[in-house]
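Participant: Encoded as structure tokens, here's the structure I'll be asking about.
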Amino acid sequence: MANPRIQAVCGFGCGSSLMLRMKIDSILKQHGLEAFTFTGDVGTCLANECDVIFISNELAERIADRARVPIVVINNFMNTKEVEQKVLDYYKTLEQ
């Protein structure tokens, strides 16, 4: 399988999504995993080609009924352990 396209999403696509993307990139590197990561905003994220969307719970509710890819809800973008666990859990689904 090709490397997954991971979209980190926030309200405007340039603040907390960038921090989340950097955290995801760091976790991927630590675990020897590869992906194409990029940021997006909640208004246009569904139009972007990706394999998964990492997003806050509040914003996930706005796109959940229209998303065609899995949505991974991050409750606290600053919680490295939570982000790491959810990234690794997502990669486990790719193995199935």
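Participant: Starting from the exponent 0.38 and prefactor 2.2 Å, build the expected Rg for the stretch 1-87 from its residue count and divide its actual Cα Rg by it. Please list the in-between numbers first.
Facilitator: Values: Rg = 11.7 Å, N = 87, 2.2 N^0.38 = 12.0 Å.
Against the empirical 2.2 N^0.38 Å value, I get 0.98 for the stretch 1-87.
Participant: From the phi of every residue in the stretch 79-89, what ³J(HN,Hα) in whole Hz does the Karplus formula 6.51 cos²θ - 1.76 cosθ + 1.60 yield, where θ is phi - 60° and glycine or proline is x?
Facilitator: Listing the rounded values in order: 8, 4, 5, 5, 4, 4, 4, 6, 5, 5, 4 Hz.
Participant: With the Cα gyration tensor of the stretch 46-89 in hand, give its eigenvalues times 5 under a square root as the equivalent ellipsoid semi-axes, listed largest first in whole angstrom.
Facilitator: Numbers: eigenvalues 74, 29, 11 Å².
Whole-Å semi-axes of the equivalent ellipsoid: 19, 12, 7.
Participant: Please list, in chain and number order, the residues 5+ apart from residue 77 or on another chain whose amide H is under 5 Å from its amide H, with Hs placed from the backbone.
Facilitator: Amide H neighbours of residue 77, under 5 Å, 5+ apart: none.
Participant: Need one number: nm distance between label points at residue 48 and residue 61, each 7 Å from Cα along Cα→Cβ, rounded to one decimal.
Facilitator: If labels sit at residue 48 and residue 61, their model points lie 2.3 nm apart.
Participant: First measure r as the distance between the Cβ atoms of residue 30 and residue 94, then evaluate 1/(1 + (r/R0)^6) with R0 = 30 Å and state the FRET efficiency to the nearest 0.05. Each step should come with its number before you reach the end.
Facilitator: Values: r = 18 Å, r/R0 = 0.58.
So, using R0 = 30 Å, E works out to roughly 0.95.
Participant: Can you list the GluC sites (Glu not before Pro) in the chain that are in a DSSP coil and have 13 or fewer other beta carbons within 10 angstrom? Display every interim value, and only then the final one.
Facilitator: Values: sites: 34, 49, 58, 61, 82, 84, 95; in loops: 34, 49.
Those that pass, being in a loop and sparsely packed, are 34, 49.
Participant: Also, quick follow-up: Taking the Cα centre as origin and putting +1 on Lys and Arg beta-carbons and -1 on Asp and Glu beta-carbons, what dipole magnitude results for the chain, to the nearest 20 debye?
Facilitator: Values: 10 positive and 12 negative charges, 17 e Å.
The calculated dipole for the chain is roughly 80 debye.
Participant: When the accessible area of the chain is computed with all protein chains present and a 1.4 Å probe, what percentage of it is carbon and sulfur?
Facilitator: Details: 2910 of 5690 Å².
C and S atoms contribute 51 percent here.
Participant: Once the Cβ-Cβ distance between residue 22 and residue 68 is put in as r, and R0 is 25 Å, what FRET efficiency do you end up with, to the nearest 0.05?
Facilitator: Values: r = 26 Å, r/R0 = 1.04.
About 0.45, to the nearest 0.05.
Participant: Give the aspartates and glutamates whose C-alpha is closer than 15 Å to that of residue 29, dropping any in the same chain fewer than 8 places away, or say none.
Facilitator: Once the sequence-local aspartates and glutamates are set aside, what remains near residue 29 is 84.
Participant: Now for a different question. Under the rule that an exposed site lies in a DSSP loop and has at most 13 other Cβ atoms within 10 Å, name the longest stretch of the chain with no trypsin sites (Lys or Arg not before Pro) of that kind, not counting the sites themselves. Please list the in-between numbers first.
Facilitator: Details: sites that count: 66, 68.
Looking at the chain, 1-65 is the longest stretch - no exposed trypsin sites (Lys or Arg not before Pro) with at most 13 other Cβ atoms within 10 Å.
The values are calculated or read from the model by the stated rules, or taken from the named source; none is laboratory data. On a predicted model such as this, the values are computed, not experimentally measured, just so you know. Counting neighbours? That spans all protein chains shown, and the Cβs are built from the backbone with ideal geometry, glycine included. When the accessible area is computed, the model is the full protein with side chains, heavy atoms only, and any ligands, DNA or RNA have been set aside. Shrake-Rupley method; radii C 1.70, N 1.55, O 1.52, S 1.80 Å.
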